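Q: Structure in structure tokens, see below.
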Amino acid sequence: MDRKKASDFPQELLNLFDGYVHGGISRRQFLDRAQKFVVGGVTAAALFQMLKPNYAWAVQVPADDKRIKAGYVIVPSPQGNGSIKGYLVRPANDTKLPSILVIHENRGLNPYIEDVARRLAVANFIAFAPDGLTSLGGYPGDDEKGLALFGQVDRAKMMEDFFAAAMWLKSRPDSTGKLGAVGFCFGGGIVNQLAVRLGPDLAAGVPFYGAQPSPADAAKTKAPINAQYGALDPRITDGWPAFDAALTQAQVPHEGHIYKGANHGFHNDTTPRYDEAAAKEAWQHTLDWFNKYLRAEPKTSG
């Protein structure tokens, strides 16, 4: 199937699909409401197929790339679901490096997120992408099934799983102890929550279109935050001004980038919502932020 762009679809249809992706409407409701956009023999079901992810598009760093070492590990999570499985990737060398937790969208650990982890490894970080669906058998290889499973997970226990994964990653012997976190959609919200909970244990966070914490919680943030948003995603982006103000009040270094003409999910290169220019710029901000705050020499106390 040819790769489509967001501009190939009416914005109202993209917003409708966003409602489906985030559980606001069912697939059946999407198909019913998409009927009004059916033209030239293209059915609502065909529109759905065009808008959903095609993971063949996401491979920027192949799994067998010689520059990296990658594999799956299981991390204990006694306060959560017992354990959480994830995808661990690092450069092929044995140097001690900063580590970055990569948190998926509301589907589980799909091929796009695994590729993001590999991209970070190629940029000379240790990356760990945990699967929040571990307790239900893990990402099922299909996004619709993943969404259904997501609705069944105990969210509080899953948060404990992500917390356990973060602390495990930070304390690995091949890590410098400098920990960052990047997340997308649901995962962006988790990055913001981890920044509240981890305090100084998190050295930097990059939430992509993630729900913001309350101003009271944001005041507990210590990690420098570099937030990425799409201008066509008011559901999330409208929360930035209050978050910005709370971080300023808390004297937390932070930046917010709002990309003109970009939709929610603009970094995900498996769907038509992908915006190449915004995604590349946001990714450069991500790498620059992590390089600045995770590779900095620790201050010695006098």
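Q: Taking Cα pairs under 8 Å and at least six residues apart, what relative contact order does the range 112-263 come out at, in percent?
A: The value is 14 percent.
Q: Here's something else I'd like to know. Rounded to a whole number, what % of the accessible area of the chain do carbon and sulfur atoms account for, probe 1.4 Å?
A: Carbon and sulfur together cover 53 percent of it.
Q: Related question: Multiply the residue separation of Ala211 and Lys5 by 0.36 nm, subtract the distance between their alpha-carbon atoms, and state the gained length in nm to one decimal.
A: Taking 0.36 nm per residue and subtracting the Cα distance, the gain is 71.7 nm.
Q: Something else: Where does the chain land at 222 nm, in deg cm²/dmol rounded to the nearest 500, when only DSSP H runs of n ≥ 4 count, each adding -39500 (n - 2.57), divided by all residues?
A: Mean residue ellipticity, 222 nm, calculated: -11000 deg cm²/dmol.
Q: Read phi for every residue in the range 204-212 and hand back ³J(HN,Hα) as whole Hz from Karplus 6.51 cos²θ - 1.76 cosθ + 1.60, θ = phi - 60°, with x for Gly and Pro.
A: Listing the rounded values in order: 6, x, 10, x, 9, 5, x, 4, 8 Hz.
Q: Along the Cα-to-Cβ line of Val73, 7 Å from the Cα, sits a label point; which residues in the range 103-142 have backbone N less than 13 Å from it?
A: The answer is 126-130, whose backbone nitrogens lie closer than 13 Å to the label point.
Q: Roughly how many nanometres apart are two label points built 7 Å out from the Cα toward the Cβ at Lys36 and Thr95?
A: Label at Lys36, label at Thr95, 5.6 nm between them.
Q: Further, regarding this structure: From Cα pairs below 8 angstrom and at least 6 apart in sequence, can you work out the relative contact order of the chain, rounded to a whole percent?
A: Relative contact order comes out at 16 percent.
Q: Please list, or write none, the aspartates and glutamates whose alpha carbon is within less than 13 Å of the alpha carbon of Lys5, excluding same-chain residues fewer than 8 places away.
A: Here the aspartates and glutamates satisfying the reach criterion relative to Lys5 are Asp269, Asp275, Glu276.
Q: How much accessible area does Tyr259 have with a 1.4 Å probe, in Å² rounded to the nearest 10?
A: We get 20 Å² for Tyr259.
Q: Let me ask another. What accessible area per residue comes out for the range 1-78, rounded to a whole number of Å², with a 1.4 Å probe?
A: Dividing the accessible area of the range 1-78 by its residue count gives 60 Å².
Q: If you don't mind, there's one more thing I want to ask. Lys52 accessible area, nearest 10 Å², 1.4 Å probe?
A: Ignoring ligands and nucleic acids, Lys52 comes out at about 60 Å².
Q: Taking the Cα centre of the chain as origin and charging only Cβ (+1 Lys, Arg; -1 Asp, Glu), how large is the dipole, in debye to the nearest 20?
A: The calculated dipole for the chain is roughly 400 debye.
Q: May I ask you to give the solvent-accessible area per residue for the range 120-237, in square angstrom, as obtained with a 1.4 angstrom probe?
A: 33
Q: How are the C-alpha pair distances of the chain spread across 10 Å bins, as whole percents from the shortest bin up?
A: Histogram of Cα-Cα distances, whole percents per bin: 6, 28, 36, 22, 6, 1, 0, 0.
Q: Take Arg235, Arg3, Arg295, Arg107 and sort them by solvent-accessible surface of the protein heavy atoms, 1.4 Å probe, largest at the top.
A: Arg235, Arg3, Arg295, Arg107
The values are calculated or read from the model by the stated rules, or taken from the named source; none is laboratory data. As the structure is a computational prediction, the values presented were derived from the model and not from experiment. Backbone-built Cβ (ideal geometry, glycine too); neighbour counts: all protein chains shown. The protein model used for the area step is the full one, side chains on, heavy atoms only, and it has no ligands, DNA or RNA in it. Shrake-Rupley method; radii C 1.70, N 1.55, O 1.52, S 1.80 Å.
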